[in-house]
Amino acid sequence: MKLLHPTRTAAWLASAAIGLAALGGCAANEGETNESDQPATGATSNNEVKLTGELNGAGASSQSAAQEAWKAGFVGLQSDVTVNYDPVGSGSGREQFVAGGIGFVGTDAPFSVEEASGTIGSCAAGSGIIEIPVYISPIVVAFNLEGIDTLNLAAATIADIFTGQITNWNDPAIKADNPDVTLPDLKISPVHRSDKSGTTGNFTDYLAANAPAAWTAGESEEWPLEGGEGAEKTQGMVEALIAGNGTVGYVDAGQAQALSWASIKVGSEWVEPSAGGAAKAVAESTLEEGRGDGDVVYVLNRTTEVAGAYPLLLVSYLAACQKYDDANQAALVVAYLEYVTSEAGQQAAAQNAGSAPITAEAGLIAKVSAAVELIGS
């Protein structure tokens, strides 16, 4: 098993902080910033009201570390509230939210427009949903290869590895990406998510955009190919990769510190995974048009060639109801989302998970705050 990389960990936290600046141009066509767009620096007004009760959420396993930080910070403000988050995966979380029984859902793949306008069992009759970005993180192509800590892998090479066109680590295509690395004559063991996963959706979307000739399966939250080893949830993927020499998979970077990572090719440059690089790619992206009030969703620019951008990333969302049958449930959701999207909440996630904070630039915080204000009973 590889140990944590201390220099990478320090650089990772610094990169997460840089993400604040990198997102400065985010959705540049969305308008200018103003003072009202600035994030809160302390407790929000709703969190100054003493609340009690239990709030249950489920969804993206990529959010696990961030959710732990958010829960701890929120309970510091609301000591009589219990927040539970079950990292069952984006697909299962959305299914639970639609079926009813949880107050909010975390998802690396947003609801489609049709799903968002449908009946949601967790919500009051006739209620729409709000959906807000809360977590920006690179997805790393993580590998466990004895004696090798870093590699370069172009999108087409990655696609050929996961489709089975490349089966050995010393394949000429991998050698071409890594002319100065002595590669072993060792079978490649690809690992994919076995559950419905937003991380899989983002990974396959990246391959479809950057290597369409090699990756013809398109974007899918469910692994679209036969063969290979499947692992459930982010933690299962990490454990499978650590367990064998020659393994390779795709993981949210915040939970892959014990593994080696590949750099990807962006334009003519090799770019290492970083929160700042992910933020730069988001800054080159736009908000999706045609969605309802409070449904704040990105169309990610996977093919950007901006220097330092890392387009193999996920933007993870929290979705909640605009209307709840229970007023206290609505108050709990509002207070929790206000904390998560506050400066304090975003910095807590950056420190615990290495994510890039969402920013006030280009009116994003104002849009997120307006979405949360739609919640009631």
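Here, each number is a calculation from the coordinates, and none is a lab measurement. Just so we're clear, the structure is a prediction, and the values are computed from it rather than from any experiment. FYI the Cβ positions are ideal-geometry reconstructions off the backbone, even for glycines, and counts take in every protein chain you see.
A compact table of results
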read-out	value
Built amide H within the under 5 Å cut-off of residue 295, gap 5+	131
Summed residue charge, Cβ within 10 Å of residue 223's Cβ, Lys/Arg positive, Asp/Glu negative	-2
Length released on extending from residue 187 to residue 225, taking residue separation times 0.36 nm less the Cα-Cα span	11.8 nm
Additional length obtainable on full extension of the chain from residue 323 to residue 165, 0.36 nm per residue less Cα span	51.9 nm
The chain: antiparallel DSSP beta bridges as a percent of all, rounded to 5	60
Residues 358, 242 arranged by fewest to most Cβ contacts within 10 Å	242, 358
Efficiency of FRET between residue 268 and residue 173 - r from beta-carbon atoms, R0 22 angstrom, step 0.05	0.80
Taking 123, 321 and counting other C-beta atoms within 10 Å, the order from fewest to most	123, 321
Of 71/323; 71/233; 71/265; 187/280; 187/265, those spanning more than 26 Å from alpha-carbon to alpha-carbon	71/265; 187/280
Degrees separating the helix 64-77 axis from the principal Cα axis of the chain, which is the longest one	30
The stretch 221-377 - convex hull of alpha carbons, volume per residue in Å³	160
148, 375, 166, 129 arranged by Cβ crowding within 10 Å, fewest neighbours leading	148, 166, 375, 129
Along each principal axis, Cα extent of the chain, largest first, Å	62, 40, 39
13 Å beta-carbon shell around residue 167, net charge (K/R +1, D/E -1)	-2
Longest segment of the chain lacking GluC sites (Glu not before Pro) that sit in a DSSP loop with at most 14 other Cβ atoms within 10 Å	33-145
Amide proton proximity set for residue 85, modelled H, under 5 Å, gap of 5+	57
In nm, spacing of pseudo-spin labels at residue 216 and residue 150 (7 Å Cα→C-beta vector)	3.6
Under-5 Å amide H pairs with residue 168, H placed in peptide plane, nonlocal only	188
Debye equation applied to the C-alpha atoms of the stretch 138-277, log10 I(q)/I(0) at 0.19, 0.20 Å⁻¹	-1.16, -1.31
Length released on extending from residue 112 to residue 124, taking residue separation times 0.36 nm less the Cα-Cα span	2.4 nm
